[in-house]
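Student: What follows is a structure written as structure tokens; I'll ask about it next.
The values are calculated or read from the model by the stated rules, or taken from the named source; none is laboratory data. Since we're looking at a predicted model, the values are computed, not measured. Positions of Cβ are backbone-derived with ideal geometry, glycine not excepted, and every protein chain shown enters the neighbour counts.
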Amino acid sequence: MRKEDCYLLGKITRRHGLAGNVILKLDTDQPELYNKLESIFVEINGLLVPFFIAKTTRSKTDALNILFKNSTEALVDQSLGKNVYLPLSTLPKLSGKQFYYHEVIGFTVFDQENNNCGIIESVNDQTAQNYFVTNFGGKEIVIPIIKDWILEVNRDEKFIKTELPEGLIDVFLVSSKKDE
């Protein structure tokens, strides 16, 4: 399995008890979708290694208590502190204005007047406010991802139509002119 064919599910943070269980901290808005995992891929030395699961129970709302099949001390030690992935094919299909961040890379963002606001190069979800980073004519523009601002997600034509506050894009274009 290649990493680019997968998505980050979470991270194995610690041991739990003496029976070889580990805690998987989930990085998802819908942790209930992952209560019945049969296997996961753990990133070890840059490779995705399959780990088969004997049992899962909820630890907290955003964590699972996992027991691996054929669990050994060495297997548990190998998994600690490691990122966990699942194949993209396991993601539920979204429709309407919902989207996964990885799927909109390369989409064009338009405002409510159909002005081009750039092509999404990346999504930053490491801050309190998630945002698109777009490229518009060589200029980097940051567009906050606010549910009420998303008017349409068109997967066929690869664009997102937004209702942005007046002047938001101008701030980036004016500031970049000052830098020239």
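Student: Can you tell which of Asn83, Asn21, Asn45 is among the polar types (S, T, N, Q) and touching a residue at least 60 places away in the same chain (Cβ under 8 Å)?
Tutor: Details: Asn21 fails: touching a residue at least 60 places away in the same chain (Cβ under 8 Å); Asn45 fails: touching a residue at least 60 places away in the same chain (Cβ under 8 Å).
Checking each option against the conditions leaves just Asn83.
Student: Out of the strands (runs of 3 or more DSSP E) lying entirely within the range 105-177, which hold 3 or more residues that are touching a Gly at 6+ places or on another chain (Cβ under 9 Å) and of a type in the set (S, T, N, Q)? Give the steps one after another, and end with the answer.
Tutor: Values: elements: 108-110, 116-124, 131-136, 139-144, 150-154, 159-162.
Of the strands (runs of 3 or more DSSP E) lying wholly inside the range 105-177, none has at least 3 residues that are touching a Gly at 6+ places or on another chain (Cβ under 9 Å) and of a type in the set (S, T, N, Q).
Student: I've got another one for you. Quick one: is Gln30 assigned by TED's automatic domain parsing to the domain that holds Pro165 and either among the polar types (S, T, N, Q) or in contact with a Lys or Arg (Cβ under 8 Å, 6 or more places away or on another chain) (or both)?
Tutor: Details: assigned by TED's automatic domain parsing to the domain that holds Pro165: no; either among the polar types (S, T, N, Q) or in contact with a Lys or Arg (Cβ under 8 Å, 6 or more places away or on another chain) (or both): yes.
In short, no.
Student: Which members of the range 10-61 meet the condition of being of a type in the set (A, V, I, L, M) and loosely packed, with under 12 Cβ neighbours inside 10 Å? Spell out how you get there, then give the answer.
Tutor: From the range 10-61, those of a type in the set (A, V, I, L, M) are 12, 18-19, 22-24, 26, 33, 37, 40, 42, 44, 47-49, 53-54; that's our starting set.
Scanning the range 10-61 gives Leu18, Ala19, Leu47.
Student: Still on this structure, please answer the following. Restricting the range 62-76 to residues that are charged (D, E, K, R) and surrounded by 11 or more Cβ atoms within 10 Å (Cβ to Cβ), which is farthest from Pro92 (Cα to Cα)?
Tutor: Checking each candidate, the answer is Lys69.
Student: Next up: Is it the case that the range 93-106 has a residue that's over 25 Å from Asn130 (Cβ atoms) and polar (S, T, N, Q)?
Tutor: Let us first name the residues in the range 93-106 that are over 25 Å from Asn130 (Cβ atoms), namely none.
Scanning the range 93-106, I find no residue that is over 25 Å from Asn130 (Cβ atoms) and polar (S, T, N, Q), so the answer is no.
Student: Here's another thing I want to ask about it. Would you point out the residue of the range 46-90, among those that are assigned to a loop (DSSP other than H, G, I, E, B) and on the phi < 0 side of the Ramachandran plot, that is farthest from the chain's Cα centre (by Cα)? Write out each step before concluding.
Tutor: Narrowing the range 46-90 to residues assigned to a loop (DSSP other than H, G, I, E, B): 46, 61-62, 69-72, 80-82.
From the residues that got through so far, the ones that are on the phi < 0 side of the Ramachandran plot too are 61-62, 69, 71-72, 80, 82.
Working: Thr61: 18, Asp62: 15, Lys69: 27, Ser71: 29, Thr72: 31, Leu80: 21, Lys82: 16 Å.
So, considering only residues that are assigned to a loop (DSSP other than H, G, I, E, B) and on the phi < 0 side of the Ramachandran plot, the one farthest from the chain's Cα centre (by Cα) is Thr72.
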